[in-house]
Amino acid sequence: MSNEKPLNQSRNSENENFNDHDEMKQPWKISKRGLLIFVTICVLTLMVALDSTSIGVVLPFISRTINSSAIETFWAGTGFLLCSTVFQPTFVSFSEIFGRRPLFSIAILFFLVGAIVAGVSQNAGQLLVGRCIQGMGGGGISAITEVLIADLVPLRQRGQYYGIMNGTWSIGSVCGPIIGGAFASANWRWVFYINFPFIGIGIVCVIFFLRLHFIPTSLSEKLRRIDYIGTVIFIGSTTSFLIPLSWGGVMYDWNSWRTLVPLIIGVVGCLGFGVYEAYVTSALIIPVALFRNRTTTVSFTGAISSGLLVWCIVYYMPLYFEAVKEYSPVVTGVAMFPLTFTVAPAGIVAGVLITKFGKYRWAIWSGWSIATLGLGIMCLLEVHTSIVKWVFLNLISGIGLGFIFPSIASAIQASVSRENVPMALAMFSFFRSLGQAIGVAIGGAVFQNQMVKNLRDYPSLAPHAQEYAADATGLVQIIKAMSYNQDKLDIQQAYTDSLRIVWAVCCGLSGATLLVSLLTRSYSIDQDQATNQGVIEKHERKVEDASPVA
């Protein structure tokens, strides 16, 4: 294990900082331009969250309209998450070479083009292409926005800004299904068209406000800095790993060669990528030093776990409300408020307290402790649980998960050298998205296996055990279509009991991550703001023509 002292503590700030050192001693306050950029970041974060969570509700309506098969519809929903995850590190790596502004613009453009293609699509192929392009743009937006906050805000103040941004994502994730349900009964194409106002705000901000410093280099020098082979290996390996996670247990069994072969290829490819980055190339897409630091490695593990847990809850808790409580999609979205609307304020509170006291480990440990408790008591959910009770049971885990995001982000940035902060944040975003994909897969496998077992305990349902358990989402419609009889009560009980095991597995994972997080070291977050792509303020306009911008 290498020495973990951040290089930024020993580096001369005069060579890296555009601001005078004496100015950094003054109380920091975000500028008007910086505030406008941050508001735009939140608007675009809300857009991506709304888009990624609203599509699931309207897919059945889309399928009937364009006459797509179940598998084609499945890929239309999965393509976005897959492309969003895979391309995040690449966007940030390229933004280090070509500048944040052009890469952020490209990400927004991809999202716009994808929304247009998906919105006007007449068949499943066109829809899939649109969703994949949107996913690439969404991944770029998500990753670069986190890096932009690091460019805008000193480390000590960043926690509260990350808390607000995470809260915005949480609001979008719960409002998405509600909006999707509303548009599903009217015109599903508006699920994609509603992105246009958000994109318009983003474009205006980029044109008029996102003016960043950037060290000029020639095009040939920029092209030489690209890790072509590493980029291809990384994208290919992660895609090969994520695809079988997406279709395992849905399109093919988990023990099918169609699932196992690409999964193994993906794992081997990722290991090969690590070897290539560590020993072969000098143009690194991902700095190997990030994984030689105990705190960043532990924090990346926490990012995977937090993504997994959040997505498990966001994906499977609505199924409880729809299948067991028989709520409509819109009412289900409202029922998720106790969980999702506690994540936002909890994240903001954690970020503000991290800024106030200059410590982050307490928030990490408190977050995992509260999340573990909350996921544990979610196991108490029953078929006839009252509204008051399930509201309370959902509050606790939301508070814990809200604490985790800004605290882990602070730990990662405090423990790495300044030049590695952008890629550290990119990997934080990537691992969180990876956790989301793994969460749906693990939750689905646990639910499916337990559902088969539970249904076999009921003689009248046993013949349909495999059929019913194969698709947790499809089973919702089967339950709602059944008349009120003992079979319906039995299948709802089996559904609840199966979800209980999902919550128990999540609780165990949260507890294990809590233990791992104890290895997090404490670093000072009182560090000078140092970035080569800081915001050009109005008072710098006089020299703006002489200073290249990104």
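The values are calculated or read from the model by the stated rules, or taken from the named source; none is laboratory data. As the structure is a prediction and not an experimental result, all values here were calculated from the model. So basically every Cβ, Gly included, is an ideal-geometry build from the backbone, and we count neighbours across all protein chains shown.
Numbers at a glance
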{"item": "Counted residues, the stretch 231-258 - those being touching a residue at least 60 places away in the same chain (Cβ under 8 Å), more than 19 Å from the chain's Cα centre (by Cα) and assigned to a helix (DSSP H, G or I)", "result": "2"}
{"item": "Within the stretch 378-420, tally of residues that are part of a loop (DSSP other than H, G, I, E, B), touching a Pro at 6+ places or on another chain (Cβ under 7 Å) and closer than 17 Å to Pro338 by Cβ", "result": "0"}
{"item": "Leading residue by the ranking (modelled with the lowest pLDDT) among those in the stretch 27-65 that are of a type in the set (Ser, Thr, Tyr) and touching a Ser or Thr at 6+ places or on another chain (Cβ under 8 Å)", "result": "Ser63"}
{"item": "Long-range neighbours under 7 Å by Cβ, at least six apart or interchain, first residue under 19 Å from Glu326 (Cβ atoms) within the stretch 382-397, second part of a loop (DSSP other than H, G, I, E, B)", "result": "Trp390/Leu381; Leu393/Leu381"}
{"item": "Long-range neighbours under 8 Å by Cβ, at least six apart or interchain, first residue not assigned by TED's automatic domain parsing to the domain that holds Gly138 and of a type outside the set (Val, Ile, Thr) within the stretch 81-104, second crowded, with 22+ Cβ neighbours inside 10 Å and part of a helix (DSSP H, G or I)", "result": "none"}
{"item": "Exclusive hit being under 21 Å from Val147 (Cα atoms) and touching a strand residue (DSSP E or B) at 6+ places or on another chain (Cβ under 9 Å), set Leu212, Leu263", "result": "Leu212"}
{"item": "Candidate set from the stretch 267-287 (those that are surrounded by 13 or more Cβ atoms within 10 Å (Cβ to Cβ) and β-branched (Val, Ile, Thr)); member that is nearest to Thr239 (Cα to Cα)", "result": "Val267"}
{"item": "Evaluation of Lys488 against (1) part of a helix (DSSP H, G or I); (2) surrounded by fewer than 16 Cβ atoms within 10 Å (Cβ to Cβ); (3) not aromatic (Phe, Trp, Tyr) (one fails), failing number", "result": "(2)"}
{"item": "Options Leu339, Leu375: the member that is at pLDDT below 90 and either crowded, with 17+ Cβ neighbours inside 10 Å or assigned to a helix (DSSP H, G or I) (or both)", "result": "Leu339"}
{"item": "Filter result for the condition that a residue is of a type outside the set (Gly, Ala, Ser), more than 24 Å from Gly135 (Cβ to Cβ) and touching a Leu at 6+ places or on another chain (Cβ under 7 Å), over Phe209, Phe241", "result": "Phe209"}
{"item": "Candidate set from the stretch 273-293 (those that are under 21 Å from Phe98 (Cβ atoms) and of a type outside the set (A, V, I, L, M)); member that is modelled with the lowest pLDDT", "result": "Ser282"}
{"item": "Condition met for Arg418 (of a type in the set (Lys, Arg) and either in contact with a His (Cβ under 7 Å, 6 or more places away or on another chain) or modelled with pLDDT under 90 (or both))", "result": "yes"}
{"item": "Candidates Phe192, Phe198, filtered to the one that is closer than 30 Å to Trp28 by Cβ, out of contact with any Phe, Trp or Tyr (no Cβ under 8 Å at 6 or more places or on another chain) and aromatic (Phe, Trp, Tyr)", "result": "Phe198"}
{"item": "Test for Ala494: is it buried (at least 19 other Cβ atoms within 10 Å of the Cβ), out of contact with any strand residue (DSSP E or B) (no Cβ under 6 Å at 6 or more places or on another chain) and assigned to a helix (DSSP H, G or I)", "result": "yes"}
{"item": "Candidates Ile412, Ile438, Ile442, filtered to the one that is crowded, with 23+ Cβ neighbours inside 10 Å, touching a residue at least 24 places away in the same chain (Cβ under 8 Å) and either polar (S, T, N, Q) or within 19 Å of Gly302 (Cβ to Cβ) (or both)", "result": "Ile412"}
{"item": "Filtered residues of the stretch 468-485 (kept if within 11 Å of Glu326 (Cα to Cα) and crowded, with 16+ Cβ neighbours inside 10 Å)", "result": "Val476, Ile479"}
{"item": "Breaking point among (1) at positive phi; (2) buried (at least 19 other Cβ atoms within 10 Å of the Cβ); (3) at pLDDT below 85, for Ser68", "result": "(1)"}
{"item": "Output for the stretch 288-331, where each listed residue is within 16 Å of Gly443 (Cβ to Cβ), surrounded by fewer than 23 Cβ atoms within 10 Å (Cβ to Cβ) and of a type in the set (Ser, Thr, Tyr)", "result": "Tyr315, Tyr316"}
{"item": "Test: Ala469 is small (Gly, Ala, Ser), at pLDDT 90 or above and assigned by TED's automatic domain parsing to the domain that holds Ile377", "result": "no"}
